[in-house]
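Throughout, read-outs are computed from the coordinates displayed, never taken from laboratory work. What you see is a predicted model; the values in this text were computed from it and never measured. Methodologically, a virtual Cβ is constructed for each residue, glycine included, from the backbone with ideal geometry; neighbour enumeration extends over all protein chains shown.
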Amino acid sequence: MEVGLVKTNPVSVNYKTTGGILDFYVFLGPSPDDVIQQYSEVIGKTMMPPYWSLGFHLCRWGYTNTANLRLIVDDMRKKQIPYDTQWVDIDYMDSYKDWTLDPNNFNDLPNLVNDLHSYGMHFIPIVDPGISNTVGYAPYDDGLNRGIFIKTHDNSSFIVGKVWPGNTVFPDFTHPDAGNYWYTHAKAFHDQVNYDGLWIDMNEPANFVKGSLTGCTAGTNDDPPFVPPISGDMTDKTLCTSAQQHLSSHYNLHSLYGHFEAKATYETLMRIRGKRSLIISRSTFAGSGKYTGHWTGDNHSTWADLIYSISGIINFNMFGIPMVGADICGFAGTVDVELCTRWLQLGSFYPFMRNHRDRDGDGQDPASSMFTSTLPIMKKALEQRYRLLPYLYTLFYRSHIDGKPVIRPLFFQFPQDPKTYDIDRQFLWGSGLLISPVLVKGATTVTAYLPAGNWFDIETGVESMGGTHVFDAPLSKINAHIRGGVIIPTQDHDVTTTRSRVKDFTLLVALSTTGLASGELFWDNGESYGTTGGQNNNFIEFKAENARLTSTVVLYDYAVKMTLGSVVIYGVHSRPTIANFNGQYVPFTYDSNAKVITQNLRFPYNMSCSVLLQQNSIKQSLAHYNDREKKHVLYYQA
């Protein structure tokens, strides 16, 4: 499809396609958020990711063996770098064949995975759709018996291409037996290597020969009368579009190949693990967000690719695939310390955060010796992300329930402000957190636009009003601002989400110019299905008005210890003389320069009247909540 804007008055959009059935939907909004929510009603709401998937992920093509991989894992641990999931690329396979393990170089991988799990971490391997057509290779023999592979144009045989393992056939994920086929071999490999998710790559589907080993037909499917301005023709680097699948021709299904594979993989992992897993796919389509996340493909270690990544994550959130990120520091090219440091800062605000590298360049994991001088900066960025994960997880809950994008451009929140319309170098987390990264080599300041209202530096609490600002941005800092009127729940960081999830919470309260603010927190066990439908979760609402901050437990159906350790209130313009919590005095500090109150709420209070819920006193705690209308009240007065 070729889509073009014609800048007439009014602006028109021209579509030119190679053919097919075209269904057009028009979503009337009126707001941009409304448009995306209405779109999600048609394509399906997004999957709820496991909590651990929001942590930092690390990968490389070229670990070469388990021993080398262990060195990376051990170095990351030794340096106490926050890190949740280790990935492996195709080098772990035996001759690049799916569902196999290199018996010489990666025979110890199962033990390494068990070690990761013992540390509260997770593991994800890559899987490609091209199946080696080698007799005696179980995924091929089984697929042959089931008739599961895509066929030639005349249905006479299976179409053969070439990918990493050599000559390959391709599973037809529209076949009614495809789910059982995929499960059989995924389960057999899971019995060997206890993985927590799958990375499905090369699923456009990619092909190293044009169409097939024997070429394609001269018909209109393979050579249509109109072809958009692409590199080469319709069959370059993929299958013949005349190939036949169970549901229809590949001509009609090509763009859906990755989508159907993601669906089969999602259902397979449900059967195998019985809890939420992470799937990341290279090829996606409208509706794929129900099953998978996405990464933006093989990028390069350039400042330009750093910039492009922002529009990529914004676009995919509008497409209904919010679990998205780019390869941090770049997949290919020469690694640059400054660029990689800035990229990791920006990547700390990607919904899906993974550092991935090809096999040709130097390693770029944060523990690498080349980053000795900037490791404290990288750790600071990661620690800030881990503190913000309760807020990010709640945004994913909203996306899952309501279809709202997790990441959004500024004009989504401020559609009446024309200055926001073409901003693509800043973005918002939800409606409340604005990120303004450095995207230029050597820069120590960043020019950022703040829409109308008041905004607070997330680190210092310093207030800025709407307008264009030049903020200090030394290499140690990425500028992020909380919008006045928003309350963000955070949690003390640790080296994994397994460990951070039991830490104390903090509320960052950013008062509007009228002294109002609100927020919410969704909390469950982070991995079970069926926790988002009004049960097996805790849901808390926060509200500030009339110098009173209230925490209201709307639902408490997940028995777990949750401790509100502290509250930080931005925008208090004079020092309070009184600060009480549930009628008791609260010690506090007041920064007269930043206009910030900080209060430690944890110690001075009777446990049953605080926000600390212990499993052995749930009934007592809930009774006190009911006595107080299930609210915890912090009162401050100037």
* Arranged by the count of other C-beta atoms within 10 angstrom, fewest first, what order do L516, L395 take? -> L516, L395
* Asked: Whose amide H sits under 5 Å from the amide H of S528, counting only residues 5 or more places off or on another chain, with H placed in the peptide plane?
  -> R276
* To do: Mind scanning K151/K210; K275/K503; K97/K151; K97/K187; K275/K477; K45/K543 and naming the pairs with a C-alpha gap bigger than 26 Å?
  => K275/K477; K45/K543
* Structure fact -> Given a Förster distance of 30 Å, the FRET efficiency implied by the Cβ-Cβ spacing of D108 and S528, rounded to the nearest 0.05, works out to 0.45
* Roughly how many whole Å is it from the C-alpha centroid of the range 373-392 to that of the range 307-335? -> 18 Å
* To do: Only Lys, Arg, Asp and Glu count, each charged at its Cβ (+1, +1, -1, -1), so figure out the dipole size of the chain about its Cα centre, rounded to 20 debye.
  => 1820 debye
* Asked: For the range 428-501 and the range 523-579, what is the separation of their C-alpha centers, rounded to whole Å?
  -> 22 Å
* Structure fact -> Shape call for the range 1-158, from the Cα gyration tensor axes a ≥ b ≥ c (a/c under 1.5 means rounded, otherwise prolate when a/b beats b/c, else oblate), comes out oblate
* To do: For the range 473-488, take each phi angle, set θ = phi - 60°, evaluate the Karplus expression 6.51 cos²θ - 1.76 cosθ + 1.60, and give the result in whole Hz per residue in order, putting x for glycine and proline.
  => 8, x, 4, 7, 9, 10, 7, 9, 10, 8, 6, x, x, 10, 10, 10
* Hey, got the dipole for the range 468-574? About the Cα centre, +1 on K and R Cβ, -1 on D and E Cβ, debye to the nearest 20? -> 200 debye
* When Rg/Rh (Cα atoms, Kirkwood Rh) is calculated directly from the model, which label among (1) 1.02; (2) 0.99; (3) 1.38 fits? -> (2)
* Asked: Amide H of L450: which non-local residues (sequence gap of 5 or more, or other chain) have their own amide H closer than 5 Å, using H built in the peptide plane?
  -> G467, T468, H469
* Can you work out the FRET efficiency for the pair A67 and R548, with r the C-beta to C-beta distance and R0 = 56 Å, to the nearest 0.05? -> 0.45
* At most 16 other Cβ within 10 Å, DSSP loop - trypsin sites (Lys or Arg not before Pro), the range 273-308 -> K275
* Residue separation times 0.36 nm, minus the C-alpha to C-alpha distance between L516 and D233: what's the value? -> 96.1 nm
* **Footprinting exposure proxy for H246, H254 (fewest neighbouring C-beta atoms within 10 Å first)** => H246, H254
* Return T66, T577 ranked ascending by Cβ neighbour count within 10 Å, so the fewest neighbours appear first. => T577, T66
* Report, in order of residue number, the helices in the chain meeting two criteria: a C-alpha extent of 27 Å or more along the helix axis, and a mean Kyte-Doolittle hydropathy of at least -0.5; treat each whole DSSP H run as one helix. => 375-402
* Counting DSSP beta bridges in the chain, what percent are antiparallel, to the nearest 5? -> 70 percent
* Helix-only [θ]222 nm of the chain, DSSP H runs n ≥ 4, -39500 (n - 2.57) each, per residue, nearest 500 -> -7500 deg cm²/dmol
* At what distance in nm do the modelled label points of R575 and K275 sit from each other, each positioned 7 Å from its Cα along Cα→Cβ? -> 4.9 nm
